[in-house]
1. Would you check which residues across region 39-53 are more than 11 Å from the chain's Cα centre (by Cα) and not basic (Lys, Arg) and list them?
2. Can you say whether Phe54 is crowded, with 17+ Cβ neighbours inside 10 Å and touching a residue at least 12 places away in the same chain (Cβ under 8 Å), as far as the supplied structure shows?
3. For region 1-31, name all the residues that are of a type in the set (A, V, I, L, M) and either at positive phi or without any contact (Cβ under 8 Å) to a residue 24 or more places away in the chain (or both).
4. Since Ile15 meets every condition but one in (1) assigned to a loop (DSSP other than H, G, I, E, B); (2) open to solvent by 80 Å² or more (accessible area, probe 1.4 Å); (3) more than 19 Å from Lys80 (Cα to Cα), which condition does it not meet?
5. Quick one: would you say Ile43 is assigned to a helix (DSSP H, G or I), aliphatic (A, V, I, L, M) and within 11 Å of Phe69 (Cβ to Cβ)?
6. Would you pick out the residues in region 57-66 that are open to solvent by 40 Å² or more (accessible area, probe 1.4 Å), in a loop (DSSP other than H, G, I, E, B) and not aliphatic (A, V, I, L, M)?
7. Of all residues in region 43-63, count the ones that are at pLDDT below 95 and among the small types (Gly, Ala, Ser).
8. Asn28 fails exactly one of the following numbered conditions: (1) assigned to a loop (DSSP other than H, G, I, E, B); (2) modelled with pLDDT of 95 or more; (3) open to solvent by less than 80 Å² (accessible area, probe 1.4 Å). What is the number of that condition?
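The values are calculated or read from the model by the stated rules, or taken from the named source; none is laboratory data. Because the structure is a prediction, the values reported are computed rather than measured. Ideal geometry is used to build each Cβ from the backbone, glycine not excepted, and the neighbour counts take in all protein chains shown. These accessible areas exclude ligands, DNA and RNA; they are computed on the full protein's heavy atoms, side chains included. Shrake-Rupley method; radii C 1.70, N 1.55, O 1.52, S 1.80 Å.
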Amino acid sequence: MIKQVIDECFREVFIEIMGGPAPDINENSVLLETGLDSIGFAILVTTLEGKLGFDPFSLSNEAQYPITFGEFYEFYEKYK
C-alpha cells in the first residue's frame, strides 16, 4: 500500500512541478535521476505526510538519504 501511495504521489508532484508526464519508476530507479530536484522531493515528502499521516524523516533519529525508490519505499515502511 505505501509503495502505491508513494508512486501515485510522485506522479502527481512530478506533473505539478514539471508540467509533463512522470517517468516510469521502479525499485531500482535512482531518486535524483527522475527529474525532480530537492525542492520537488521536499514537496513529495510533504504530500506523503498529508496522505499517510507521518514523515519518517522527522521520526528517524538517524540521517537517512535513500538513493533508490526501493530504499525510499523501505524507509516509509519502516516507520508506518
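1. Listed by number, the residues that qualify are Ile39, Gly50, Leu52, Gly53.
2. Judged against the criteria, Phe54 is not a match.
3. Passing the criteria: Met1, Ile15, Met18, Ala22.
4. For Ile15, the failing item is (1).
5. no
6. Asn61, Glu62, Gln64, Tyr65, listed by residue number.
7. 3
8. For Asn28, the exception is condition (3).
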